[in-house]
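Taken together, the values in this text are just the output of simple stated rules run on the coordinates, not laboratory data. Everything quoted here is computed from the prediction, not taken from an experiment. Neighbour counts run over all protein chains shown; Cβ positions are idealised from the backbone, glycine included.
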Amino acid sequence: MASLWPCHAADSRKPNIVIFLSDDVGYGEYGFQGNTEIPTPNIDSIAQNGIRFTQGYVSGPYCSPTRAGLLTGRYQTRFGHEFNGGGPAGGNNFGLPLTEKTMGDRFKALGYDTVAIGKWHLGGPPNFLPMKRGFDEFYGTVANTAFFRPRAFVDSRKSDAVHPIENENFYTTDAYAERAVDWIERHKDQPFLLYLPFNAQHNPLQATPKYLDRFPTIPDERRRTFAAMMSAMDDAVGRVLSKLREIRQEENTLIWFFSDNGGPTQATTSKNGPLRGVKATTLEGGVRVPFCVQWKGKLPAGKTYEHAIIQLDILPTSLAAAGVKTEPSWKLDGVNLLPFLSGENKGKPHEVLYWRFGEQWAIRKGDWKLVASRIDGREPRLFNLAEDIGESKDLKAARSDKAKELKALWDAWNAEQENPRWRSPALRRIRPRRRKPEAICIS
C-alpha cells in the first residue's frame, strides 16, 4: 500500500477532499447499512471501495452543532455552538463564532480551491456566510428550506445576497449535483476541497416525479417520498463520483460520506436500525450515523472498521492526507485516522467521547456509555454497547463504580465547555411543528 504520510514527489498534486453530508438520515438507511428497500448504489460504492465505520459518531444530535464540529475539528460546545442558529440575513445573529477557523480557512491557506454547495446552517448575516469563512464560492441555502424554490439562497457567482429562488422547477438536490460537477470541471487543474452538505433527507419531504416513479410499490406516501429523495441524493453523489473519474482524479481524492445526526423517525420515516433514540437525543439513535470513507490506493477497500470515530476526525485526517500535521495550538479534538485505518496503529483513535445537548448528555469510554436523554427523563443510565447496542438494559445499579467513574470524567470535560450562546426551542418539543412547505425550518 502506498505511503500515507507525507506526499511524495510522485504524488506532485495534493489530494482533493470531497465531503458529502446527508441530513437526518438514520443509521438503518442506505444499502451499505443493510437497507434493501431503497437502492443507493453510488453512495454504497464509497463504502465498497473504502472503509465503512460501524461506530461512526457525530458530536451533536442536531444539524448546526454537527456542522460546527465538522468544520472546526473541535467539540462545538467548546465555543458555545450547542444548538441550531444562523437564520437568513436579517434574522438572528447567531452562527459559527468568527473566532473559529474553519476547514475552508485551513485548506485555502494550503492553496486549495474551496467550495461549499448545499445547506450551510452556520450563520446568515454576511460575515458568517461561507464566502467569509474560507470558501471561494457558495451555492446553497443559508439554513433549512424547502427543496423546491428555496427562499434563503445564495449563489456567490452572481451575488453575495440572500434571495429566494423563483424557478418553480428548481430542486435543491439536483441543482447541487449540477453545480458540483460544473465547479469540479472549472477547478480540475488545482487541488480542491468540495464540501457538499445536502438538505436531503430533512423535512419537508419533497421529491420530483422522476424519483417518485422509481418506487411505485411503496404504499406509504411519506416513505415513498423519503425513498425518492434518497434516490435523488444517490444520483447526485454518483454524478460527482463520475466527474472525478472523468478528470482522472478519483484515486487522488479523499471522499467522506456521513449523516449529521440520527433520523427523526416520526417526522420523516427515517430508520435508525437497531439503535434506540432519534435525532435530538444523546442515545445512540441520535449520534451514531452512517459513515464511510474512500481513498483508492491509499486506504483499504471493502474494509469494516469497528472502533469508534467521530466527525471531528475528518479535518485532521484530511489535513494529514494533504501533508499537514495539526498544531497543538489549534486545540483540535479530532485525530488523524490514517494510521489507524491503514493498520499502522492498532490502537483506538478515541478512548473517550463526549456529548452535551442542553440537559441531555453522554460519555462513552471503551464499550461503556453513561447517557442522560429526554426519552429517559434525563435520568443517567449506564449501558455496555458491546453487549447492548440498543441501550435497553440499564446497568447503573449493578455497576455503580463504572457510572461514578464516567460521570466524573464527563464533569471534568463539561467544566471546560462554554455555556451555549442561545437556547433552542427544539429542546422543548419532541415532534416538529407543522410548517408551510415554503417556510424556513430551523430545526
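Within the set of other residues whose C-beta is less than 13 Å from the C-beta of residue 399, count the net charge using Lys and Arg as +1 and Asp and Glu as -1.
In short, +2.
So how far apart, in nm, are the two label points at residue 98 and residue 386 if each is 7 Å from Cα heading toward Cβ?
4.9
On a full-extension model of 0.36 nm per residue, what is the gain between residue 169 and residue 189, subtracting their alpha-carbon distance, rounded to one decimal in nm? Let's see the in-between values first.
Details: separation 20, 0.36 × 20 = 7.20 nm, distance 3.24 nm.
The residue 169-residue 189 span can extend by a further 4.0 nm.
Have a look at 31, 140, 277 and report the one farthest towards the positive end of the charge dipole of the chain, computed about the Cα centre with Cβ charges (Lys/Arg +1, Asp/Glu -1).
277
Leaving out same-chain residues fewer than 8 places away, which lysines sit with a Cα under 24 Å from that of residue 348?
Qualifying lysines at Cα under 24 Å: 296, 298, 303, 325, 331, 365, 369, 402, 404, 407.
Determine which residues of region 10-41 fall in the zone a paramagnetic label at residue 220 would reach in this model, i.e. backbone nitrogen under 18 Å from the point 7 Å along Cα→Cβ.
Counting backbone N atoms under 18 Å from the label point, the list is 24-31, 34-39.
Taking 4 °C and 1.567 mPa s as the conditions, I'd like the Stokes-Einstein D for region 62-180 in µm²/s, using the Kirkwood hydrodynamic radius from alpha carbon pairs.
Working: Rh = 14.4 Å.
D, rounded to a whole number, is 90 µm²/s.
So if I take the centroid of the Cα atoms in region 112-178 and the same for region 278-338, what is the distance between those two points in Å?
Between the Cα centre of region 112-178 and that of region 278-338, the gap is 26 Å.
Check residue 333: other-chain or 5+ apart residues with amide H under 5 Å from its amide H, H built from backbone geometry?
For residue 333, whose amide H was placed from the backbone, the distant partners under 5 Å are 74, 75.
Over region 16-350, what is the mean sequence separation of C-alpha contacts under 8 Å (at least six apart), divided by residue count, expressed as relative contact order in percent?
Values: 803 pairs, mean separation 100.6, N = 335.
RCO, region 16-350: 30 percent.
Using the alpha-carbon centroid of each, what span in Å lies between region 355-405 and region 35-70?
23
About the Cα centre, and with charges only on the beta carbon of Lys, Arg (+1) and Asp, Glu (-1), how big is the dipole of the chain? Nearest 20 debye, please. Present the calculation step by step, with values, prior to reporting the outcome.
On the way: 61 positive and 51 negative charges, 163 e Å.
Computed about the Cα centre, the dipole is about 780 debye.
What's the ranking of 216-223, 295-302 by average number of surrounding C-beta atoms within 10 Å, highest first?
Working: 216-223: 11.2, 295-302: 16.6.
Packing order, densest peptide first, comes out as 295-302, 216-223.
Which lysines have a Cα lying under 26 Å from the Cα of residue 158, excluding residues fewer than 8 positions away in the same chain?
The qualifying lysines are 101, 108, 119, 132, 188, 243.
Once Cα extents along the principal axes in Å is worked out from the coordinates, which option in (1) 60, 55, 45; (2) 83, 52, 40; (3) 70, 51, 50 does it equal?
Matching the structure shown: (1).
Stick to the Cα atoms of region 161-309, pair each with every other, and give me the Kirkwood hydrodynamic radius in Å at one decimal.
Details: mean 1/r = 0.0571 Å⁻¹.
Computed over region 161-309, the radius equals 17.5 Å.
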